[in-house]
Every structure is written in C-alpha cells, then in structure tokens.
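Student: Sharing a structure below in structure tokens format, with a few things to ask.
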Amino acid sequence: AQKVTQAQTEISVVEKEDVTLDCVYETRDTTYYLFWYKQPPSGELVFLIRRNSFDEQNEISGRYSWNFQKSTSSFNFTITASQVVDSAVYFCALSGWWDSSYKLIFGSGTRLLVRP
Amino acid sequence: EAQVTQNPRYLITVTGKKLTVTCSQNMNHEYMSWYRQDPGLGLRQIYYSMNVEVTDKGDVPEGYKVSRKEKRNFPLILESPSPNQTSLYFCASSPPGVSNQPQHFGDGTRLSIL
C-alpha cells in the first residue's frame, strides 16, 4: 500500500533559523509523483513543488529547497532563514495510479511556527 | 481569474438533513476531486472524476455521493449527514495528466454536523 509519513507533528523555530520538514513515502511502483503544499492560517492550500520519481535532482527556489532521495524514499523540505510568514501547515503528498485508480495521498502534515 | 469556487464556505446543520456542497472551476480542467481534512490525518480523497460522467471512489467515499454532469461542476452530496462527517472539505481540479499536475484547490468548506 502507498503511504506518506510526516513524523514531525509540530516544529517551532525562531525567525532566521533554518528548518527541515521530513517526508517519507512508501510505494512499490517506479512511476509516481511527489508534491509539497503549504496551508497558511487562512486555510487555503498552496502548491509549492512537484517531483517525478525519475528526477532526483534537488531544487532550490529562493529560501526553499527540496532534497529527493529515492534510496531512502524521502522528499525533505528545507526553509533557510525562516520568516514569520512561513508559519503554516505543510503537507507532503504522493500521487500515482494504483489498482486502476488515481490517488493523491497526503501525509498528516507538519505545523511550523516561526516566532519573531 | 483562474479559480475553484466552493459553496458554502461554512455550514452548521443537523444529522440527517441532506446537503450539497457545490464546486465549480473555470479552467476547463478535466479532473476534479473532493478531499476531507481532519486533524492528524491530513487530507483524504473522497471521490474523483476524470471527466464528465466519469467518477470513482477515493479512500473515504462512505456517506458521500458525487455527480459530474458538466465539466465545470462537481457537487458533493451528503444524503444523510452524520456527526463523523464534520470536517473541512476541499474541492480540487487539475488539467490532463493528473498524476503529475499540481491540483488547484478551492478555499475549503467547513461543515459541522450536530
């Protein structure tokens, strides 16, 4: 079965600290996609990044970076020099076709609190 | 503006009173889906639709119905709501190639079933 685990329920940091949000996934398929979404206190879901299973290149976007490692089935997200506006719940998700059905499977989320 | 619109945003109702949450998208997306978000569980897929008249169950379909009679709309129907369906619901859509496309989410509907 497919599964996404975000073991960190809540993380609290002081502004300007770096923070890494962990994501571990499970699937036996070779073709799948991984996503990160942000849910700020206002409640909407904001797409951050997509990765396919054949592209292990790490990515950096401003203060955000993502480390995809198939060997450990992990897709971790790092925020450098965190800011108060980064406070949100962050979801990692796995998508693909299983049992002839499309599925988008979310982790339980990590709540990040950045204190001034 | 490209968007997914859900209505209502908030609803408090009672057990057994049928309700419908509407979802509409203006991006001509083929794929639409419904999720529920519960504390500690993340988002779970309820139903999805690959196109008009094509729907399929997600992971938690019990107690819900959907229909897709036109491309832009994908309503979620609770025929006889129960308190365990109290949750935050999201509708989403995406273009073809759904598994590798980010989904566009609505702003959410918070349902309370008393």
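The values are calculated or read from the model by the stated rules, or taken from the named source; none is laboratory data. Computed from a predicted structure; not experimentally measured. Glycine gets a Cβ as well: all are built from the backbone with ideal geometry, and neighbour counts include every protein chain shown. Heavy atoms of the whole protein, side chains included, go into the accessibility calculation; ligands, DNA and RNA do not. Shrake-Rupley method; radii C 1.70, N 1.55, O 1.52, S 1.80 Å.
Student: Condition test on A:Tyr25, is it surrounded by 14 or more Cβ atoms within 10 Å (Cβ to Cβ), more than 11 Å from chain B (Cβ to nearest Cβ) and within 12 Å of the chain's Cα centre (by Cα)?
Tutor: Here the answer is yes, as A:Tyr25 does meet what is asked.
Student: Please verify whether B:Gly58 is modelled with pLDDT under 95 and within 12 Å of the chain's Cα centre (by Cα), treating the condition exactly as stated.
Tutor: Answer is yes for this residue.
Student: Given A:Ser87, A:Ser53, which one is modelled with pLDDT under 95 and touching a strand residue (DSSP E or B) at 6+ places or on another chain (Cβ under 8 Å)?
Tutor: A:Ser53
Student: Picking from B:Arg36, B:Arg72, which residue would you name as being open to solvent by 20 Å² or more (accessible area, probe 1.4 Å) and under 11 Å from the mean Cα position of the chain (by Cα)?
Tutor: The conditions single out B:Arg36.
Student: Can I ask one more? Can you tell me which condition A:Thr20 does not meet? The list is (1) within 11 Å of another protein chain (Cβ to nearest Cβ); (2) in contact (Cβ under 8 Å) with a residue 40 or more places away in the chain; (3) within 15 Å of the chain's Cα centre (by Cα), and all the others hold.
Tutor: Condition (1) is where A:Thr20 drops out.
Student: Sticking with this one: Mind checking which residues of segment B:4-26 are over 16 Å from the mean Cα position of the chain (by Cα) and exposed (fewer than 13 other Cβ atoms within 10 Å of the Cβ)?
Tutor: B:Ile12, B:Val14, B:Thr15, B:Gly16, B:Lys17 - these are the residues of segment B:4-26 that are over 16 Å from the mean Cα position of the chain (by Cα) and exposed (fewer than 13 other Cβ atoms within 10 Å of the Cβ).
Student: Restricting attention to strands (runs of 3 or more DSSP E) lying wholly within segment A:69-116, give those where 3 or more residues are without any contact (Cβ under 8 Å) to a residue 40 or more places away in the chain, within 11 Å of the chain's Cα centre (by Cα) and more than 14 Å from chain B (Cβ to nearest Cβ).
Tutor: In segment A:69-116, there are no strands (runs of 3 or more DSSP E) which contain 3 or more residues that are without any contact (Cβ under 8 Å) to a residue 40 or more places away in the chain, within 11 Å of the chain's Cα centre (by Cα) and more than 14 Å from chain B (Cβ to nearest Cβ).
Student: For segment A:48-63, what are the residues that are under 27 Å from A:Glu17 (Cβ atoms), assigned to a strand (DSSP E or B) and either open to solvent by less than 70 Å² (accessible area, probe 1.4 Å) or more than 14 Å from chain B (Cβ to nearest Cβ) (or both)?
Tutor: Those that are under 27 Å from A:Glu17 (Cβ atoms), assigned to a strand (DSSP E or B) and either open to solvent by less than 70 Å² (accessible area, probe 1.4 Å) or more than 14 Å from chain B (Cβ to nearest Cβ) (or both): A:Leu48, A:Ile49, A:Arg51, A:Glu59, A:Ile60, A:Ser61.
Student: Does any residue in segment B:19-31 that is at pLDDT below 95 come within less than 6 Å, Cβ to Cβ, of a residue that is not in a strand (DSSP E or B) six or more places away or on a different chain, and which pairs are these?
Tutor: Listed pairs, sorted by first residue: B:Met27/B:Ala2; B:His29/B:Pro95; B:Glu30/B:Pro96; B:Tyr31/B:Val98.
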